[in-house]
Amino acid sequence: MRPGEANMRKRKPVATYARMWPRELFDCKHGKRLVVKELEILSKPGVYVLYRDDVPYYVGQATRLRSRLWSHANQPNSKYYNFWNYFSVFAVEDAALRTQLEGVLIAAMPTANGAKPRIRKAKLPQDVRKLLHRRMHEPLQLKRLAITNASG
């Protein structure tokens, strides 16, 4: 067993998660108390995804999810204020793991993030790109040839 593996086995990288919760949670009250104040997962550090309907729009991380999401939801001058209506959160205590998870999510999903993940991007080899290009365009060329021959 490598150093640190025992700790990883005891503690999962993502402790809990919530998927596709509505933005309206930040406006709901239970009596006089805001509902979001009662949601324990939002008091944790973690990574979040803002969605426009069911399409990922933005990925971020925060040391306190509730505060960050509240600012996105309730501050009209927030950059993403008008562009999301659902969110998902992943509670991640370890700061390095938060950064890695955020990078993976940004790399995996088309979003409005300006940040680039700190992960090396593999490029498709040139010979494979050429092969794919030929495979995709040959049928079109053959079809054009068949149409030309049929009309001529």
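Tabulated data for the structure shown
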{"quantity": "Extension gain (nm, one decimal) between I41 and A15, 0.36 nm per residue minus Cα-Cα", "calculated": "8.4 nm"}
{"quantity": "At R0 = 35 Å, FRET efficiency that the Cβ-Cβ distance of M109 and T148 yields, to 0.05", "calculated": "0.25"}
{"quantity": "Computed over region 48-106: relative contact order in percent, which uses C-alpha pairs under 8 Å that are six or more apart", "calculated": "41 percent"}
{"quantity": "Residues K44, K29 arranged by fewest to most Cβ contacts within 10 Å", "calculated": "K29, K44"}
{"quantity": "Anisotropy class of region 5-108 from Cα gyration tensor, a/c 1.5 cut", "calculated": "oblate"}
{"quantity": "Relative contact order of region 5-108, defined on C-alpha pairs under 8 angstrom at six or more residues apart (%)", "calculated": "35 percent"}
{"quantity": "Additional length obtainable on full extension of the chain from T63 to K123, 0.36 nm per residue less Cα span", "calculated": "18.3 nm"}
{"quantity": "Additional length obtainable on full extension of the chain from R52 to R33, 0.36 nm per residue less Cα span", "calculated": "4.1 nm"}
{"quantity": "Placed amide H near R52: partners under 5 Å, 5+ positions off or other chain", "calculated": "Y57, N85"}
{"quantity": "Packing-based exposure ordering (other Cβ within 10 Å, fewest first) of S88, S67", "calculated": "S67, S88"}
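FYI, it's all coordinate maths here, none of it is from the lab. Predicted model only: the values in this text are computed from it and were never measured. Positions of Cβ are backbone-derived with ideal geometry, glycine not excepted, and every protein chain shown enters the neighbour counts.
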